[in-house]
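Below is one structure, written out as structure tokens, with a few remarks after it.
The values are calculated or read from the model by the stated rules, or taken from the named source; none is laboratory data. Fair warning: this is a prediction, and the values are worked out from it, not measured in the lab. Don't worry about glycine lacking a Cβ; one is built from the backbone with ideal geometry, like all the others, and counts go over all protein chains shown.
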Amino acid sequence: MIWLWLIPLAVLLAAAYRWQFWRIPKKGLLALMYHHIGTVEQTDGQFPFTVTPQCFEQQLDMLQKHGFTPVGLEEVKEAARTGRRLPAKPVLLTFDDGHLDNFENLFPILKKRNVKVILFLITDYIGQKPGYISWEQVLEMHQSGLVQFGSHTLSHARLRKLSEEDILRELTQSKKVLEEHLGVPCEAFCYPFGSGGFDKRVRPLVFKAGYLFDFSTKPGINPWPWKAKKTLLRAFPRGGETLTDFYVQITRGKSKF
Ligand SMILES: [Zn+2]
């Protein structure tokens, strides 16, 4: 009956593979990538990109319980410039695309809990495309002091497929539009399609356009001090994941493979 011992061993190995407990917890600047906050019915079945409001609040509870502090880009910029320390366990909560549910479902939670986030907007979609936020909503969120905005291009273009001229247009025009509406510098940029959307040719143009931060979809935790001003990694809590997954995400920077 010695083979019976193989059962718990197999369960243990499967759990280790599933949640990757063998990864060593990392310190540094955590950034989380979200898209929709809502129900899957509301978001066309975009399951991995949709976290329900209840689940998002549970995740905020977990961050708080484990001593994480949501920070804004200003704090990151200051800490990088002066070498001063960030708060213990800093986390940037980021949301891509500027979906309407960010205003309807996320913003009330942020106000209730006084939590800061960053939204990356596709500026041609604002007030133009159904399902995306309007300029009025952008301004209301901006005035709350809880939401900062970065650019996610004019048109959600796959930048590496464009000419240099068109890449610069996507980068500079979206930045300009956001600055004109908000009256503050727009210093953060997020690549559409993540790592598949940019290459070595695109990245220098992001800085040429005047951005200080570039965010990808590559998972991980950013080593701090942020020496080479590298593209910021973001962990990706997917819709339907458990809180155990989320714990692995926030301590290891990624769960699953
Ligand atoms: Zn996007």
| task | State all residues of region 146-164 that are under 20 Å from Leu212 (Cα atoms) and exposed (fewer than 14 other Cβ atoms within 10 Å of the Cβ); if no residue qualifies, say none. | result | Glu164
| field | First in region 1-18 and closer than 19 Å to Tyr247 by Cβ, second anywhere and surrounded by fewer than 10 Cβ atoms within 10 Å (Cβ to Cβ), Cβ under 6 Å, 6 or more apart | value | Ala16/Trp22
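Among the candidates Glu78, Glu104, single out the residue that is more than 21 Å from Lys176 (Cα to Cα) and loosely packed, with under 15 Cβ neighbours inside 10 Å. Break it down stepwise before answering.
Details: Glu104 fails: loosely packed, with under 15 Cβ neighbours inside 10 Å.
Only one candidate passes the filter, namely Glu78.
Please give the helices (runs of 4 or more DSSP H) falling wholly within region 66-149 in which 1 or more residues are at pLDDT 95 or above and within 15 Å of the ligand (Cβ to nearest atom). Step through it out loud before you land on a result.
Working: elements: 73-82, 107-113, 135-144.
Counting at least 1 such residues, we get no helices (runs of 4 or more DSSP H) at all.
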| field | Cβ pairs under 7 Å, 6+ apart, first in region 95-121 and closer than 17 Å to Val40 by Cα and touching a residue at least 12 places away in the same chain (Cβ under 8 Å), second within 13 Å of the ligand (Cβ to nearest atom) and polar (S, T, N, Q) | value | Phe95/Asn102
| remark: All-but-one check, Val248 against (1) part of a loop (DSSP other than H, G, I, E, B); (2) in contact (Cβ under 8 Å) with a residue 60 or more places away in the chain; (3) farther than 15 Å from Leu93 by Cβ, failing number (1)
| query | Going by the conditions given, is Glu187 of a type outside the set (Ser, Thr, Tyr), away from the ligand (no atom under 16 Å from the Cβ) and surrounded by 17 or more Cβ atoms within 10 Å (Cβ to Cβ)? | reply | yes
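Take the residues in region 212-230 that are assigned to a loop (DSSP other than H, G, I, E, B) and touching a helix residue (DSSP H, G or I) at 6+ places or on another chain (Cβ under 7 Å); name whichever of them is farthest from Leu168 (Cα to Cα). Walk me through how you get there before you give the answer.
Within region 212-230, the subset assigned to a loop (DSSP other than H, G, I, E, B) is 212, 216-221, 223-230.
Adding the requirement that they be touching a helix residue (DSSP H, G or I) at 6+ places or on another chain (Cβ under 7 Å) leaves 212, 216-218, 226.
Working: Leu212: 15, Ser216: 18, Thr217: 21, Lys218: 23, Trp226: 26 Å.
Result: Trp226.
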| field | Contacts under 8 angstrom Cβ, first residue in region 70-88 being farther than 16 Å from Ile118 by Cβ, partner among the small types (Gly, Ala, Ser) and at pLDDT below 95, 6 or more apart | value | Arg85/Ala79
| message | One residue is enough: does region 191-200 have a residue meeting the conditions more than 16 Å from the ligand (Cβ to nearest atom) and either more than 18 Å from Phe95 (Cα to Cα) or under 19 Å from the mean Cα position of the chain (by Cα) (or both)? | response | yes
| query | In region 215-257, what residues are closer than 15 Å to Tyr191 by Cβ and surrounded by 14 or more Cβ atoms within 10 Å (Cβ to Cβ)? | reply | Phe215, Ser216, Thr217, Lys218, Pro219, Thr231, Leu232, Leu233, Arg234, Phe236
| field | Matching residues in region 120-149 - criterion: being at negative phi and among the small types (Gly, Ala, Ser) | value | Ser134, Ser144
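I'm trying to understand the selection: among the residues of region 155-184, which are assigned to a loop (DSSP other than H, G, I, E, B), farther than 16 Å from Phe95 by Cα and within 16 Å of the ligand (Cβ to nearest atom)?
Ser155, Ala157, Arg158, Leu162
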| note | Scanning region 157-214 for residues that are touching a Pro at 6+ places or on another chain (Cβ under 7 Å) and either under 15 Å from Lys229 (Cβ atoms) or small (Gly, Ala, Ser) (or both) gives Ala157
